[in-house]
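Here's the structure, in structure tokens; my notes come after.
The values are calculated or read from the model by the stated rules, or taken from the named source; none is laboratory data. Just so you know, these numbers come straight off a predicted model, no measurement behind them. Every residue, glycine as well, gets a Cβ built from its backbone with ideal geometry; the counts of neighbours run over all protein chains shown. Heads up: the accessible areas ignore ligands, DNA and RNA and are worked out on the full protein's heavy atoms, side chains in. Shrake-Rupley method; radii C 1.70, N 1.55, O 1.52, S 1.80 Å.
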Amino acid sequence: MDKILVHICCGVDSVYALRKIKEEFPDSEIKGFFYDPNIHPEEEFDLRWIETKRVCDDLGIECIKGDYELDVWMKRVKGYENEPERGERCTICHDLRLEKTAELAKQIGFNKITTVLMMSPKKDFEILKKVGEEIAEKKGLEFISIDFRKKGGIEKMNQLSKEMELYHQNYCGCIYGLFKQREGLEYIPELVSFGKGRLPGSREELLFIKEIRTFAQNLGLKTSEQQFDFMDWKIISSKLSIKGNPIPHTVLPYSKSIRGILRAKIKELIPFKDKTVVKLNKSNAELWILNTELKEISIDEMRYFTNPVFILGKEHKEDIKEGTKIEMQLKTEFNPDAQSQNLIIGSLHSDTKMFFHSDTLIDGSAGMEKNQILKAIKENLDDIKNGSVSIIVLGAKTFGNIGLRKFHEELKSFEITKS
Ligand code: SF4
């Protein structure tokens with residue numbers, strides 16, 4: 001019997017290609033090999049792997065996860081960093097991935113290899129075929145070339161990818177391609193870390209959702225994602241000085257940037273139950289002095305483009321009085337095209353809905369442990385299956401409960417459509 005080892009780069013490219021290989025080689029043993037040493041950053045590698053695994057599990061195909069050998073890839077493409085996409089660097093990148101596939105095929109006793117890279121409209125089919133055949137021949141293997149894109153292949157791939165709600169990356173994968181694609185931007189969002197948490201709309205938040213989804217699917221549960229757009233907010237830099245001394249602080253989400261340096265005096269201190277609100281003699285910016293230690297603050301209600309609020313811990317209460325001089329600097333960014341998602345496990349119309357959330361604040365606080373959610377799934381397995389209980393993992397909670405609002409909107413629109 002023929003044994004085919006299929007190199008896989010991501011879920012989207014494999015969702016139709018693997019079906020096609022199964023269809024064309026019904027009597028062969030088929031195994032996947034996820035090998036993507038070219039991907040940057042590592043969270044992107046993880047995301048592509050988890051979606052690949054979801055596709056393979058769905059088709060009953062075993063998939064081997066290759067190591068994340070970024071250093072090997074970097075060495076191989078050295079000197080070709082500035083090549084355009086489809087140029088020499090890409091040929092080397094394909095060579096490396098196919099060589100590794102051929103090596104593994106030899107080791108595990110497979111006689112044929114192929115790659116789902118031939119699915120991508122951005123890849124040159126003839127070059128892949130040539131490279132694949134040369135590499136396979138050297139190892140005494142056969143390379144299978146199928147132009148998956150023909151006969152409506154791309155449309156079928158898009159349809160399946162939509163049905164499975166697969167993560168659709170918007171760049172090929174490597175850091176050099178990314179530099180070119182994001183040329184002109186002040187910074188490349190994919191390469192900037194905004195803290196140690198799972199911020200709304202981040203890769204980390206999405207990965208969390210996908211891991212839980214895979215877990216639930218493997219237990220035979222119905223899952224779906226509700227993707228939604230929202231206005232994202234990021235803090236780029238901030239500085240606060242009181243009487244010339246820099247002060248540790250956090251910033252309330254959706255605070256606007258401050259132009260230049262704001263030099264002001266404290267005008268008024270207004271005590272509230274949980275904090276003291278400090279007003280300034282110029283500007284609508286505020287300070288909040290908490291009654292607790294310094295912490296990040298999540299917001300329950302959405303606030304858009306609003307006045308800057310700097311947050312301080314209780315130890316600064318004594319330093320701040322009317323007339324105290326302060327200096328503030330703040331640079332923040334708003335992105336209207338951000339996306340987050342809710343995960344629905346079980347029926348949308350169950351009597352009991354258990355709510356969890358996927359995001360955290362920038363320092364990782366206010367979040368939930370994955371195990372907490374997995375435990376709830378296991379404990380309610382039968383009830384989720386019979387439709388009486390569902391588990392809802394909401395996105396973008398810390399930014400004003402956006403996920404919950406979107407979930408209720410979806411529920412409402414479904415009910416209206418039904419009636
Ligand atoms: S652009 Fe894509 S194919 Fe080309 S080197 Fe980068 S990751 Fe590899």
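Which condition breaks for PRO248 when tested against (1) closer than 17 Å to ILE392 by Cα; (2) open to solvent by 20 Å² or more (accessible area, probe 1.4 Å)?
Status for PRO248: all satisfied but (1).
If we scan the stretch 138-161, do we find a residue that is within 16 Å of the ligand (Cβ to nearest atom) and either on the phi > 0 side of the Ramachandran plot or not charged (D, E, K, R) (or both)?
no
Scanning for something free of Cβ contacts under 8 Å to residues at least 24 places away in the same chain, assigned by TED's automatic domain parsing to the domain that holds SER14 and open to solvent by 20 Å² or more (accessible area, probe 1.4 Å), does the stretch 106-113 turn up at least one residue?
yes
Quick one: in the stretch 148-169, of everything that is assigned to a loop (DSSP other than H, G, I, E, B) and aliphatic (A, V, I, L, M), which residue is nearest to ILE50 (Cα to Cα)?
In the first step, residues of the stretch 148-169 are kept if they are assigned to a loop (DSSP other than H, G, I, E, B); the result is 148-152, 164-169.
Going one step further and asking which of them are aliphatic (A, V, I, L, M), we end up with 164, 166.
Numbers: MET164: 13, LEU166: 10 Å.
It comes out as LEU166.
Condition first: buried (at least 18 other Cβ atoms within 10 Å of the Cβ) and among the aromatic types (Phe, Trp, Tyr). Now tell me which residues in the stretch 69-105 satisfy that.
Answer for the stretch 69-105, where residues must be buried (at least 18 other Cβ atoms within 10 Å of the Cβ) and among the aromatic types (Phe, Trp, Tyr): just TRP73.
Would you tally the residues in the stretch 172-213 being crowded, with 17+ Cβ neighbours inside 10 Å and aromatic (Phe, Trp, Tyr)?
Residues flagged as crowded, with 17+ Cβ neighbours inside 10 Å and aromatic (Phe, Trp, Tyr) within the stretch 172-213 amount to 2.
Answer yes if at least one residue in the stretch 384-391 is in contact with a Lys or Arg (Cβ under 9 Å, 6 or more places away or on another chain), among the aliphatic types (A, V, I, L, M) and assigned to a strand (DSSP E or B), and no otherwise.
Yes, the stretch 384-391 has at least one match.
For the stretch 162-184, how many residues are in contact with a Gly (Cβ under 8 Å, 6 or more places away or on another chain) and within 11 Å of the ligand (Cβ to nearest atom)? Walk me through it before giving the result.
Taking the stretch 162-184 as the starting set, the residues that turn out to be in contact with a Gly (Cβ under 8 Å, 6 or more places away or on another chain) are 164, 166-167, 171.
When the remaining residues are screened for being within 11 Å of the ligand (Cβ to nearest atom), the result is 171.
Residues that pass the stated criteria total 1.
Could you say whether any residue in the stretch 128-137 is at pLDDT below 95, not small (Gly, Ala, Ser) and not in a helix (DSSP H, G or I)?
The answer is no; no qualifying residue exists.
Given the conditions (1) in the same structural domain as ASP71 (by TED's automatic domain parsing); (2) in a loop (DSSP other than H, G, I, E, B); (3) over 22 Å from ASP359 (Cα atoms), and given that PRO248 satisfies all but one, which numbered condition is not satisfied?
(1)
From the list ILE362, ILE384, exactly one residue is among the β-branched types (Val, Ile, Thr), within 23 Å of the chain's Cα centre (by Cα) and outside the structural domain of SER238 (by TED's automatic domain parsing). Which is it?
ILE362
Which fully enclosed helices (runs of 4 or more DSSP H) of the stretch 6-120 have 1 or more residues being more than 23 Å from LEU141 (Cβ to Cβ) and within 13 Å of the ligand (Cβ to nearest atom)?
42-59, 70-77, 88-107
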